[in-house]
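*Asks:* Okay, here's the structure, questions in a sec.
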């Protein structure tokens with residue numbers, strides 16, 4: 001079974017704080033993703049990574065950065081948290097036979113972040 | 001037009017009923033399709049992939065209509081445990097071409 005874990009289920013931070021969300025997968029997947037999910041908007045891609053130290057911007061990268069130093073770990077960083085970053089953050093991973101491909105994604109349990 | 005559209009519902013159906021959801025997509029180059037299930041406050045989980053020939057898994061049947069650019073999910077003999085949000089996912093190739101629908105909420109009523 002694919003297992004994707006996230007460092008926290010619930011997190012409360014203050015405006016301006018730097019926030020780290022960590023994600024670990026145990027299936028040796030090449031691809032890892034960070035999404036946020038908001039009511040009425042669905043899942044929106046923040047960043048993805050297709051290899052160690054490689055990262056690409058998704059649809060809504062502003063205010064976020066990522067780090068992938070090891071294949072199994074993908075971190076999302078909120079440089080200076082703001083109230084509009086209150087959301088559910090979901091990490092996912094998928095395998096890939098060829099660069100640029102992604103198959104079904106497996107999600108972590110999510111981190112519900114509240115910024116006050 | 002949104003890339004992937006779903007009726008958000010909710011669909012309220014009695015136990016034992018048959019219910020179907022559609023999901024339309026705008027990119028005719030889309031290559032692969034999936035249905036995910038998401039329970040309240042939980043992560044999405046893969047329900048089934050959707051193949052060109054259609055596929056069935058127990059009470060669930062998924063179909064693809066490329067001409068009209070939609071996929072469908074049929075649930076027969078609905079159970080209370082089927083209550084969830086069903087997300088349609090369309091992959092047009094490449095990492096940034098994976099698009100999630102907003103989901104259709106199903107509530108199965110006793």
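Coordinate-derived values only; no laboratory data. Quick caveat, the model's predicted, so the values are computed rather than measured. Cβ coordinates were reconstructed from backbone atoms using ideal geometry, including for glycine residues, and neighbour counts include every protein chain displayed.
*Asks:* Roughly how many Å is it from the Cα centre of segment A:31-65 to that of segment B:24-92, as a whole number?
*Replies:* 22
*Asks:* Partner chain Cβ atoms within 10 Å, averaged over the residues of A:103-111 - can you pull that number for me? Show your work: numbers first, answer last.
*Replies:* Details: counts 6, 9, 8, 4, 7, 1, 3, 5, 0.
Per residue, the number of nearby Cβ atoms from other chains is 5 on average.
*Asks:* With a 10 Å Cβ neighbour count serving as the proxy for reagent exposure, in which order, fewest first, do B:97, A:70 appear? Each step should come with its number before you reach the end.
*Replies:* Working: B:97 16, A:70 10.
The most exposed by this proxy come first: A:70, B:97.
*Asks:* Across the residues of A:33-46, average count of Cβ atoms on other protein chains within 10 Å?
*Replies:* Values: counts 2, 0, 2, 0, 7, 1, 2, 2, 1, 11, 11, 2, 5, 0.
Mean partner shielding for this stretch: 3.
*Asks:* A further question on this structure: With the crude spin-label approximation of a point 7 Å out along Cα→Cβ, what separation in nm comes out for residue A:18 versus residue A:82?
*Replies:* Taking the simple label geometry, residue A:18 and residue A:82 are separated by 1.9 nm.
*Asks:* Can you pull the mean other chain C-beta count within 10 Å for peptide B:38-46?
*Replies:* Numbers: counts 5, 0, 0, 5, 3, 12, 9, 2, 6.
So the per-residue partner count for this stretch is 5.
*Asks:* Mind sorting A:36, B:41, A:112 by how few other Cβ atoms lie within 10 Å of their own Cβ, fewest first?
*Replies:* Details: A:36 24, B:41 10, A:112 16.
Exposure proxy ranking, most exposed first: B:41, A:112, A:36.
*Asks:* Under 18 Å from a point placed 7 Å out from the Cα of residue B:5 along the Cα-to-Cβ direction: which residues of segment B:27-57 have their backbone N that close?
*Replies:* Of the residues in segment B:27-57, B:27-30 have backbone N under 18 Å from the label point off residue B:5.
*Asks:* For chain A, with a Gaussian network of springs between Cα atoms less than 10 Å apart, report the residue from A:72, A:17, A:30 with the top mean-square fluctuation.
*Replies:* A:17
*Asks:* Please arrange A:77, B:102, B:71 by how many other C-beta atoms lie within 10 Å of their C-beta, fewest to most. Walk me through the numbers before you get to the answer.
*Replies:* Details: A:77 15, B:102 21, B:71 25.
Fewest-to-most ranking of A:77, B:102, B:71: A:77, B:102, B:71.
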